[in-house]
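A quick write-up on the structure given underneath.
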Amino acid sequence: MQASGDGFWELDLADGSAWFSDWFCLRMTGGDVARRPAFSDLRPLMSGETWDALLRKLRSHLEQRTPLDTEFSVRLPQGQTELWHMRGCAHRNDAGHPTHFAGCVRDITTDRAPKTP
(Lines give C-alpha, C1' and ligand atoms only; values in the text may rest on other atoms or scores of the structure.)
Protein backbone atom coordinates (compact mmCIF):
# COMPACT_ATOMS: atom_id res chain seq x y z
CA MET A 1 0.00 0.00 0.00
CA GLN A 2 2.81 2.45 0.79
CA ALA A 3 4.30 2.05 -2.67
CA SER A 4 1.03 3.11 -4.29
CA GLY A 5 1.23 6.64 -2.86
CA ASP A 6 -2.47 6.40 -2.02
CA GLY A 7 -4.30 6.70 1.27
CA PHE A 8 -6.65 3.87 2.19
CA TRP A 9 -9.69 3.96 4.46
CA GLU A 10 -12.40 1.65 5.73
CA LEU A 11 -15.58 2.40 7.65
CA ASP A 12 -17.52 -0.20 9.61
CA LEU A 13 -21.12 0.90 9.11
CA ALA A 14 -22.41 -1.22 11.99
CA ASP A 15 -20.38 0.36 14.77
CA GLY A 16 -19.14 3.55 13.10
CA SER A 17 -15.47 2.74 13.56
CA ALA A 18 -12.92 3.79 10.97
CA TRP A 19 -9.46 2.70 9.89
CA PHE A 20 -7.08 4.95 7.97
CA SER A 21 -3.68 4.08 6.49
CA ASP A 22 -0.57 5.96 7.60
CA TRP A 23 -0.89 8.22 4.52
CA PHE A 24 -4.17 9.55 5.93
CA CYS A 25 -2.98 9.67 9.52
CA LEU A 26 0.05 11.79 8.59
CA ARG A 27 -2.13 14.29 6.78
CA MET A 28 -5.10 14.36 9.16
CA THR A 29 -3.11 14.66 12.38
CA GLY A 30 -0.30 16.94 11.28
CA GLY A 31 2.29 14.14 11.37
CA ASP A 32 1.27 12.14 14.44
CA VAL A 33 0.96 8.62 12.98
CA ALA A 34 0.41 7.17 16.46
CA ARG A 35 -2.90 9.04 16.71
CA ARG A 36 -5.55 7.12 14.79
CA PRO A 37 -8.17 9.59 13.53
CA ALA A 38 -11.91 9.11 13.29
CA PHE A 39 -13.93 9.77 10.14
CA SER A 40 -15.16 13.04 11.65
CA ASP A 41 -11.54 14.27 11.76
CA LEU A 42 -11.83 14.86 8.02
CA ARG A 43 -14.41 17.60 8.64
CA PRO A 44 -12.01 20.33 9.85
CA LEU A 45 -9.84 19.81 6.76
CA MET A 46 -12.47 21.10 4.35
CA SER A 47 -15.05 23.81 3.94
CA GLY A 48 -18.62 23.20 5.08
CA GLU A 49 -19.76 23.10 1.48
CA THR A 50 -17.12 20.52 0.56
CA TRP A 51 -17.94 18.38 3.61
CA ASP A 52 -21.66 18.45 2.80
CA ALA A 53 -20.97 17.52 -0.84
CA LEU A 54 -18.76 14.60 0.26
CA LEU A 55 -21.43 13.32 2.64
CA ARG A 56 -24.04 13.53 -0.15
CA LYS A 57 -21.80 11.47 -2.44
CA LEU A 58 -21.18 8.87 0.28
CA ARG A 59 -24.90 8.67 1.05
CA SER A 60 -25.79 8.41 -2.64
CA HIS A 61 -23.41 5.49 -3.04
CA LEU A 62 -24.82 3.70 -0.01
CA GLU A 63 -28.48 4.30 -0.84
CA GLN A 64 -28.54 4.34 -4.65
CA ARG A 65 -25.28 2.52 -5.51
CA THR A 66 -23.98 5.46 -7.52
CA PRO A 67 -20.20 5.28 -8.05
CA LEU A 68 -18.08 7.05 -5.47
CA ASP A 69 -15.49 8.91 -7.52
CA THR A 70 -14.97 12.52 -6.47
CA GLU A 71 -12.39 15.28 -6.06
CA PHE A 72 -12.19 17.86 -3.30
CA SER A 73 -9.76 20.29 -1.67
CA VAL A 74 -8.47 19.89 1.88
CA ARG A 75 -6.43 22.24 4.05
CA LEU A 76 -4.04 20.17 6.15
CA PRO A 77 -3.05 21.00 9.75
CA GLN A 78 0.44 21.83 8.42
CA GLY A 79 -1.14 24.65 6.38
CA GLN A 80 -0.88 23.39 2.80
CA THR A 81 -3.85 22.77 0.56
CA GLU A 82 -4.14 19.54 -1.42
CA LEU A 83 -6.59 18.34 -4.04
CA TRP A 84 -7.70 14.78 -3.31
CA HIS A 85 -9.32 12.22 -5.61
CA MET A 86 -11.45 9.72 -3.63
CA ARG A 87 -12.88 6.43 -4.83
CA GLY A 88 -14.70 3.82 -2.81
CA CYS A 89 -17.21 1.03 -2.70
CA ALA A 90 -19.60 -0.38 -0.13
CA HIS A 91 -19.41 -4.05 0.77
CA ARG A 92 -22.89 -5.49 1.17
CA ASN A 93 -24.31 -8.49 2.99
CA ASP A 94 -26.45 -11.19 1.34
CA ALA A 95 -29.55 -9.02 1.76
CA GLY A 96 -27.86 -6.17 -0.12
CA HIS A 97 -27.39 -3.92 2.91
CA PRO A 98 -24.06 -2.08 3.15
CA THR A 99 -21.87 -3.28 6.04
CA HIS A 100 -18.47 -1.76 5.27
CA PHE A 101 -17.30 1.07 3.09
CA ALA A 102 -13.72 1.12 1.81
CA GLY A 103 -11.68 3.06 -0.67
CA CYS A 104 -8.64 5.13 -1.43
CA VAL A 105 -7.58 8.73 -1.85
CA ARG A 106 -4.78 10.12 -3.96
CA ASP A 107 -3.24 13.57 -3.74
CA ILE A 108 -3.64 14.93 -7.29
CA THR A 109 -2.43 18.44 -6.50
CA THR A 110 0.69 18.18 -8.67
CA ASP A 111 -1.28 16.50 -11.47
CA ARG A 112 -3.43 19.64 -11.70
CA ALA A 113 -0.59 22.16 -11.39
CA PRO A 114 0.18 24.21 -14.51
CA LYS A 115 2.93 22.57 -16.56
CA THR A 116 6.02 24.66 -17.24
CA PRO A 117 7.55 24.16 -20.70
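Across the chain, the mean sequence separation of Cα contacts (distance under 8 Å, 6 or more residues apart), normalised by length, yields a relative contact order of 26 percent.
Tell me the accessible surface of Thr66 in square angstrom (1.4 angstrom probe, heavy atoms of protein chains only), to the nearest ten. Estimated to the nearest 10 Å², Thr66 gives 50 Å². With equal scatterers on the alpha carbons only and no solvent term, can you work out the Debye log10 of I(q)/I(0) for the chain at 0.11, 0.15, 0.18 1/Å? Values returned for q = 0.11, 0.15, 0.18 Å⁻¹ are -0.38, -0.69, -0.99. Computed per residue of the chain from DSSP H runs no shorter than four, each worth -39500 (n - 2.57), the mean residue ellipticity at 222 nm is -7000 deg cm²/dmol. Ligands, DNA and RNA excluded, the heavy atoms of Arg35 present near 100 Å² of accessible surface to a 1.4 Å solvent probe.
Considering region 45-91 at the alpha-carbon level, its Rg and Dmax are found to be 11.8, 36 Å. Return the whole-Å distance between the Cα centroid of region 89-110 and the Cα centroid of region 1-58. So the two Cα centres are separated by 12 Å.
Note that the chain presents 60 Å² accessible area per residue, ligands and nucleic acids not counted, probe 1.4 Å. Taking a ≥ b ≥ c as the square roots of the eigenvalues of the Cα gyration tensor of region 12-76, is the shape rounded (a/c under 1.5), prolate (a/b larger than b/c) or oblate? Since a/c reaches 1.5 but b/c is at least a/b, the shape of region 12-76 is classed as oblate. Heavy-atom surface analysis with a 1.4 Å probe gives the chain a carbon and sulfur content of 51 percent of its accessible area.
The values are calculated or read from the model by the stated rules, or taken from the named source; none is laboratory data. Everything numeric in this text was worked out from a predicted model, so none of it was measured. Surface areas here come from the heavy atoms of the whole protein model, side chains and all, with no ligands, DNA or RNA. Shrake-Rupley method; radii C 1.70, N 1.55, O 1.52, S 1.80 Å.
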